Amino acid sequence: MPTLKLKSSKSAVKRFKVSSKGKLQRRQSRLNHFNARQDGAARRGGRSQKILAKQNEKDVKNLMPYL
């Protein structure tokens, strides 16, 4: 009988990605709409991926067992 594999959380797979150094990256929040009232630096700063906090890294890695 074949061994069962763990399923990855599809929502987590779409929201996070792994950097070349193995750190988890996330998207900046609060950038979907109403961005005209923000200054340009805030909008530009939201374009890049942010590094996930170490406190949350273990929980997210449990959602994606085959990184």
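Laboratory data are not the source of any read-out in this text; all were calculated from the coordinates shown. Since this is a predicted model, take the numbers as computed values, not measurements. Cβ atoms come from the backbone with ideal geometry, glycine included; neighbour counts cover every protein chain shown.
In whole Hz, with x marking every Gly and Pro, tabulate ³J(HN,Hα) for the range 51-67 from phi via Karplus 6.51 cos²θ - 1.76 cosθ + 1.60, θ = phi - 60°.
Listing the rounded values in order: 7, 5, 5, 4, 5, 9, 4, 5, 5, 5, 5, 5, 6, 10, x, 10, 6 Hz.
Could you tell me the relative contact order of the chain? Use alpha-carbon pairs under 8 Å, at least six residues apart, and round to a whole percent.
About 41 percent, as a whole number.
Please report, in debye to the nearest 20, how large the charge dipole of the chain is about its Cα centre when each Lys and Arg carries +1 at its beta carbon and each Asp and Glu carries -1 there.
Its charge dipole is roughly 120 debye.
Return the sequence-ordered ³J(HN,Hα) values of the range 14-30 in whole Hz as given by the Karplus equation 6.51 cos²θ - 1.76 cosθ + 1.60 applied to θ = phi - 60°, using x for Gly and Pro.
Once θ is set to phi - 60°, the couplings for the range 14-30 become 6, 8, 10, 9, 9, 7, 5, 8, x, 8, 8, 10, 10, 8, 5, 7, 6 Hz.
With n ≥ 4 as the cut-off for DSSP H runs, can you work out [θ] at 222 nm for the chain, using -39500 (n - 2.57) per run divided by the number of residues, rounded to the nearest 500?
One gets -8500 deg cm²/dmol as the mean residue ellipticity at 222 nm.
With just the Cα atoms defining each centre, how far is the range 35-67 from the range 1-17? Give it in Å.
Here the two parts' Cα centres lie 20 Å apart.
Compare the Cα positions of Leu24, Ala41, Thr3 along the charge dipole of the chain (+1 at Cβ of Lys, Arg; -1 at Cβ of Asp, Glu; about the Cα centre) and return the one farthest towards the positive end.
The one lying farthest along the dipole's positive direction is Ala41.
How far apart, in nm, are two points set 7 Å out from the Cα along the Cα-to-Cβ line at Ser9 and at Lys50?
1.8 nm
How far apart, in nm, are the 7 Å Cα→Cβ label points at Phe34 and Ser20?
3.8 nm
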